[in-house]
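Only one structure is covered here, and it is reproduced in the block below.
Every number in this text was worked out from the coordinates using simple rules, so none of it is lab data. Only a predicted model underlies this, so the values are computations on that prediction, with no experimental measurement involved. Ideal geometry is used to build each Cβ from the backbone, glycine not excepted, and the neighbour counts take in all protein chains shown.
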Amino acid sequence: MKNSNLSHQNNWDLVILPKNKWLDLNLRELIRYRDLLWLWVRRDYIGAYKQTILGPIWHFLSPVFSTFTYMLIFGKIANLSTDGVPMFLFYNAGITIWNFFNGSFTASSGAFINNAAIFGKVFFPRLIMPLASVVSMLIKFCIQISLFLLVYLYMIFFKEYRPEVGWGLLLIPLNLILIGGIGFGLGLIVSSITTKYRDLNQLVGFGMQLVMYATPVIYAFSTVSSGMKKWLQVNPLVAPVESFKYAFFGIGTFNIAGLVYSFAWMVISIFIGLLLFNKAERNFMDIV
Amino acid sequence: MTVIKVENLSKQYRIGDIGTGSLMDDFKRFQYRLMGKEDPFLKVGKPNNLQKKSDSKYVWALNDLNFQIEEGEVIGIVGGNGAGKSTLLKILSRITGPTTGSVKIKGRIASLLEVGTGFHGDLSGRENIYLNGAIMGLRKWQIDRKLDEIIDFGGVEQYLDTPVKRYSSGMYVRLAFAVAAHLEPDILIVDEVLAVGDIDFQQKCLGKMHDSSAEKGRTVLFVSHNMDSIKQLCTKGFFLANGTLKASGPINEIVQEYETTLISHKTL
């Protein structure tokens with residue numbers, strides 16, 4: 001740089017124009033900021049439980065509380081079937097996987113609005129923020145699932161619980177990618193649209209509840225009538241959640257076509273999400 | 001060598017509320033685009049003036065700016081409130097995009113529009129050094145290497161493991177500026193951020209900025225309302241008024257011109 005001469009006059013490192021290109025991902029820049037991603041994940045993690053005495057144990061406690069609530073309401077009062085799976089495991093698995101989706105989606109969808117103060121003062125690839133939130137959620141999921149695994153192994157070794165487990169276990173990472181990816185993609189879409197007009201935010205809170213009931217979180221998919229199943233299968237979360245439960249409990253309907261369908265959802269939602277995000281990040285500071 | 005080249009740069013803002021009004025404008029804009037016509041709102045709008053009420057919903061915060069900055073120049077930007085200084089810095093640091101025109105930049109830019117961006121009150125000073133450094137574009141190993149220097153410059157070693165929310169505002173700024181001072185970009189953009197530190201620290205920061213331009217050939221853009229620091233640091237000045245570049249030249253002349261305008265207008 002220092003010894004460049006007149007002939008290098010036109011080698012600009014950066015050209016700022018009114019509009020971004022359609023899909024100007026700038027992966028090189030994104031990779032250069034990868035340390036920020038990890039530090040931001042750490043910040044989320046440490047910041048969340050500073051000045052609490054139990055600290056990260058809350059990661060365990062909150063899903064346990066929800067699990068007991070669900071056991072009481074859906075298990076004991078509503079008497080919903082868990083398809084032979086011990087109640088604690090059934091609801092805990094459902095809650096953990098749902099929390100992962102919900103967290104990935106909610107955190108990504110707040111990417112612009114929640115980080116407006118930082119985005120307004122310094123430039124870095126904006127995509128780092130939603131990516132960091134999905135990584136945070138994945139870590140949180142890993143912590144929460146370890147509790148599930150403890151209870152699961154306890155039931156197998158000491159309570160003679162005999163689930164039919166097989167190669168479905170191998171698909172767990174794929175299920176997580178599908179669930180996290182769809183959450184991320186839809187989150188990007190919502191975050192980009194809500195920068196200017198916040199109306200969608202109102203809908204999203206309500207919509208998430210709806211999606212949760214349309215996903216086999218608190219009920220076993222096998223107990224749903226076949227007419228209903230057809231409709232529920234529109235929901236791209238059904239296949240990975242079912243496959244997740246199939247892996248651990250050997251219950252539920254496991255089908256490849258469903259996973260392919262979810263995969264298509266993931267690819268398309270991330271693609272559209274990136275397009276909108278890329279368009280929104282340019283001038284969002286003026287309208288947020 | 002030219003490191004920043006700004007051509008026909010304009011920035012338009014819509015004033016007032018975002019609501020059905022802006023939605024109607026968006027529809028109209030969309031409609032025009034479908035017909036292959038130019039954005040209808042680009043033709044309207046008044047130069048930005050904080051005091052006069054105008055009937056237009058659109059104002060031009062920057063209006064057809066053209067200039068070049070050479071490597072190693074230290075530019076002081078002066079102008080009243082609403083002249084477009086911060087808008088210009090925001091566009092140069094890619095926080096917001098221009099409405100028309102272009103900016104071409106050579107080298108790595110770091111901008112300091114606020115000190116301590118991304119600081120988390122619950123994290124310790126040390127953790128925040130890493131976080132803030134990473135936000136500013138440093139890699140972790142780069143921060144590792146400079147950590148001692150940063151701590152030394154900030155002079156808050158004793159509080160390094162205390163959450164920054166317990167810091168006084170002065171300590172906060174010192175720590176934050178210490179990180180910024182060690183970014184070592186090719187181009188440094190500094191908005192009025194030194195106001196909180198004590199005089200001693202302000203001098204230290206100015207000295208650091210001066211060194212980095214004098215010794216390492218870095219380019220600095222500095223916005224301040226403090227004419228003494230501007231004169232102390234800068235070699236050249238830009239005088240912005242109502243979004244246009246009113247004058248540019250040696251810093252002393254520019255400051256003088258700015259001050260004369262102030263006196264003759266008896267306003268900000």
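Brief remarks follow.
- With the highest mean first, a sort of the peptides A:135-147, A:156-168 on other beta-carbon atoms found within 10 angstrom per residue produces A:135-147, A:156-168.
- When the inverse distances between all different Cα atoms of the stretch A:25-287 are averaged and flipped, the Kirkwood radius reads 19.6 angstrom.
- Positive-end extreme of charge dipole, the protein assembly as shown - chosen from A:LEU149, A:ILE218, B:ALA176 (charges on Cβ): A:ILE218
- For the pair the stretch B:54-95 / the stretch B:203-268, the C-alpha centres are spaced 13 Å from each other.
- Phi to ³J(HN,Hα) by Karplus 6.51 cos²θ - 1.76 cosθ + 1.60 over the stretch A:136-151, Hz, x for Gly, Pro: 4, 5, 5, 5, 4, 4, 4, 5, 5, 6, 5, 5, 4, 5, 4, 5
- Here the calculated FRET efficiency for A:GLN51 and B:LYS140, from their Cβ-Cβ distance with R0 = 25 Å, stands at 0.45, rounded to the nearest 0.05.
- Equivalent ellipsoid semi-axes - Cα gyration tensor, chain B, angstrom: 35, 23, 18
- The distance between label points at B:ARG29 and B:HIS225 comes to 3.1 nm (points 7 Å beyond Cα on the Cα→Cβ vector).
- Straight-line cross-link reach from B:LYS208 at under 17 Å between alpha-carbon atoms covers these aspartates and glutamates, not counting any fewer than eight positions away in the same chain: B:GLU73, B:ASP148, B:GLU149, B:ASP152, B:GLU184, B:ASP186, B:ASP191, B:GLU192, B:ASP198, B:ASP200, B:ASP228.
- Spin-label pair A:ILE118-B:GLU7: with each label point 7 Å from Cα along the Cα-Cβ axis, the two points sit 3.5 nm from one another.
- With contacts taken as Cα pairs under 8 Å and at least 6 residues apart, the stretch A:25-287 reaches a relative contact order of 25 percent.
- Near-label residues of the stretch B:55-75 by backbone N, under 19 Å of a point 7 Å along Cα→Cβ of A:ASP24: B:65
- When the protein assembly as shown is described by a simple charge dipole with +1 on each Lys and Arg Cβ and -1 on each Asp and Glu Cβ, the residue from B:GLY137, A:PHE254, B:SER102 located farthest towards its positive end is A:PHE254.
- Inter-label distance for A:SER81 and A:VAL234, nm, one decimal - labels placed 7 Å from Cα along Cα-to-Cβ: 2.5
- With a Förster radius of 41 Å applied to the C-beta separation of B:LYS246 and A:ASP13, the computed FRET efficiency comes to 0.90.
- Rounded to 5, the percent of DSSP beta bridges in the protein assembly as shown classed as antiparallel: 55
- For chain B: relative contact order, % (alpha-carbon pairs under 8 angstrom, 6 or more apart): 26
- Size estimate for the stretch A:51-147 follows the Kirkwood approach: the inverse of mean 1/r over distinct Cα pairs works out to 15.4 Å.
- Cβ-derived FRET efficiency at R0 51 Å, B:SER56 paired with A:MET212, nearest 0.05: 0.60
- Taking 0.36 nm per residue of separation and subtracting the current Cα-Cα distance, fully stretching the chain between B:THR162 and B:GLU38 would add 39.1 nm.
- Averaged over A:34-47, number of beta-carbon atoms from partner chains that fall within 10 Å: 5
- Pairs spanning more than 23 Å between alpha-carbon atoms, out of B:LYS104/B:LYS231; B:LYS106/B:LYS146; B:LYS5/B:LYS85; A:LYS196/B:LYS104; B:LYS11/B:LYS57; B:LYS90/B:LYS246: B:LYS104/B:LYS231; B:LYS106/B:LYS146; A:LYS196/B:LYS104.
- For chain A, built as a Gaussian network whose Cα springs stay under 10 Å, the top-fluctuating residue of A:SER66, A:SER226, A:SER191: A:SER226
- Most mobile listed residue (B:ILE135, B:ILE254, B:ILE150) in chain B, GNM with C-alpha springs under 10 Å: B:ILE135
- Proximal lysines to B:LYS37, defined as alpha-carbon separation beneath 19 angstrom and excluding residues fewer than eight positions away on the same chain: A:LYS19, B:LYS28
- Just checking the listed ones, B:TYR172, B:TYR258, B:TYR13: in the Gaussian network model of chain B with Cα springs under 10 Å, the one fluctuating most is B:TYR13.
- Quarter of the Cα convex hull surface for the stretch B:71-151, i.e. its orientation-mean projected area (nm²): 7.6
- Shielding by partners, peptide B:93-101 (average Cβ within 10 angstrom, other chains): 6
- Each Lys and Arg Cβ is given +1 and each Asp and Glu Cβ -1; about its Cα centre, chain A then shows a dipole of about 500 debye.
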